[in-house]
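Since the structure comes first, as structure tokens, the remarks are kept for the end.
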Amino acid sequence: MAKQLAGFEIEKITLELPDTKTIRLKWPEGYNPDFKTGQFITLYWPDTPNYKRAYSLSSCALDRGFYEVTVKRDGKMGTRIVDWAKAGDRMFVIAPTGRFLPVYEPDWHLICLAGGSGVTPFRSYAREATRRKLETKITVLYSVRTTNDIIFNDEFHQLQLQNTNFNFFVTCTRLHPEDPWTGRRGRITAEWVKEHIYDLAKTSWWPLPNISCSPN
């Protein structure tokens with residue numbers, strides 16, 4: 001059974017979008033876990049121990065001293081975090097687990113398919129690969145309704161500048177025809193994914209090929 005720990009203080013809250021926030025949970029004194037980029041933690045409040053919610057880490061394993069999760073206003077937990085959580089609040093955390101792990105091989109290409117808040121774990125993938133100066137090629141294909149719904153837009157573009165093996169592409173599904181956006185429009189399709197495959201034998205997808213992952 002995963003170890004449950006109290007004493008995680010919300011150290012910082014970052015507004016990503018009007019309905020999405022990143023919370024930074026400070027590790028308790030003496031806490032130094034061994035975990036992997038791509039795993040998730042499970043959160044619950046001290047006053048509601050029976051209601052738990054798992055969130056992918058948007059920070060990576062190289063980020064020490066804290067966990068970060070990026071939460072959309074959705075359901076009881078998401079609404080409470082986005083609308084009511086504040087720095088200084090404390091939460092319980094079930095330690096990282098999960099097998100949604102990147103393949104960091106020098107000749108490998110990882111294509112990450114995401115819609116909406118599903119992009120959050122891929123920030124951690126790109127962070128670790130960039131900081132470690134890995135040769136693994138990572139491509140994020142990200143579907144959002146409009147340009148106002150892009151999570152981590154600035155950081156992903158900064159990571160592209162720092163890492164020539166990382167690419168970030170956005171497609172918008174609900175833009176007004178007269179919107180000045182010059183990028184791609186429409187859902188993630190098999191054809192669009194295929195445009196980014198250079199060597200099929202050395203390519204993997206996350207999540208596994210479920211192309212219909214863009215928001216309606």
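The values are calculated or read from the model by the stated rules, or taken from the named source; none is laboratory data. Worth saying up front: this structure is predicted, and the values here are computed from it rather than measured. So basically every Cβ, Gly included, is an ideal-geometry build from the backbone, and we count neighbours across all protein chains shown. Surface areas here come from the heavy atoms of the whole protein model, side chains and all, with no ligands, DNA or RNA. Shrake-Rupley method; radii C 1.70, N 1.55, O 1.52, S 1.80 Å.
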For this session: Would you pull out the residues with amide H under 5 Å of Thr171's amide H, same chain only if 5 or more places away, H placed 1.01 Å from N?
Result: Tyr142, Ser143, Val144
Problem set entry | Hull shadow area, averaged, the range 88-216 [alpha-carbon convex hull, nm²] | 10.1
Exercise. Which whole-Hz ³J(HN,Hα) couplings does the range 196-201 yield from phi under the Karplus relation 6.51 cos²θ - 1.76 cosθ + 1.60, θ = phi - 60°, glycine and proline marked x?
Worked result: 9, 9, 10, 8, 4, 5
Exercise. Could the peptides 147-153, 159-165 be put in order, highest first, of the mean number of other beta-carbon atoms found within 10 Å of their residues?
Worked result: 147-153, 159-165
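Give me the one-decimal Kirkwood hydrodynamic radius in Å for the range 1-66, with the sum taken over alpha-carbon pairs.
Every distinct Cα pair counted, the radius reaches 13.2 Å.
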Exercise. Can you give the Kirkwood hydrodynamic radius of the range 88-163 from its Cα pairs, in Å with one decimal?
Worked result: 14.0
Problem set entry | Rounded FRET efficiency, nearest 0.05, which uses the C-beta distance separating Asp74 from Arg174 and R0 of 22 Å | 0.75
Exercise. Ignoring any ligand, DNA or RNA, what whole percent of the accessible area of the chain comes from carbon and sulfur when the probe is 1.4 angstrom?
Worked result: 50
For this session: Over the residues of the range 1-110, compute the C-alpha Rg and express it relative to 2.2 N^0.38 Å.
Result: 1.08
Exercise. Is there a pair in Lys72/Lys202; Lys21/Lys52; Lys12/Lys76; Lys26/Lys137; Lys36/Lys86; Lys36/Lys133 whose C-alpha atoms are over 23 Å apart, and which pairs would that be?
Worked result: Lys72/Lys202; Lys26/Lys137; Lys36/Lys86
Exercise. Label His196 and Asp107 with points 7 Å out from Cα along Cα→Cβ: what is the distance between them in nm?
Worked result: 2.3
Exercise. Hey, got the dipole for the range 37-166? About the Cα centre, +1 on K and R Cβ, -1 on D and E Cβ, debye to the nearest 20?
Worked result: 280
For this session: Using a Gaussian network model of the chain whose springs link C-alpha atoms within less than 10 Å, name the residue from Tyr142, Tyr31, Tyr44 with the highest mean-square fluctuation.
Result: Tyr31
Exercise. What whole-number value in Å² describes the accessible area per residue of the chain for a 1.4 Å probe?
Worked result: 52
Seminar exercise, completed: One computes Rg over Rh for the range 143-199 from alpha-carbon atoms, with the Kirkwood Rh, and obtains 1.00
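How much of the DSSP beta bridge set in the chain is antiparallel, as a percent to the nearest 5?
Percentage antiparallel, nearest 5: 55.
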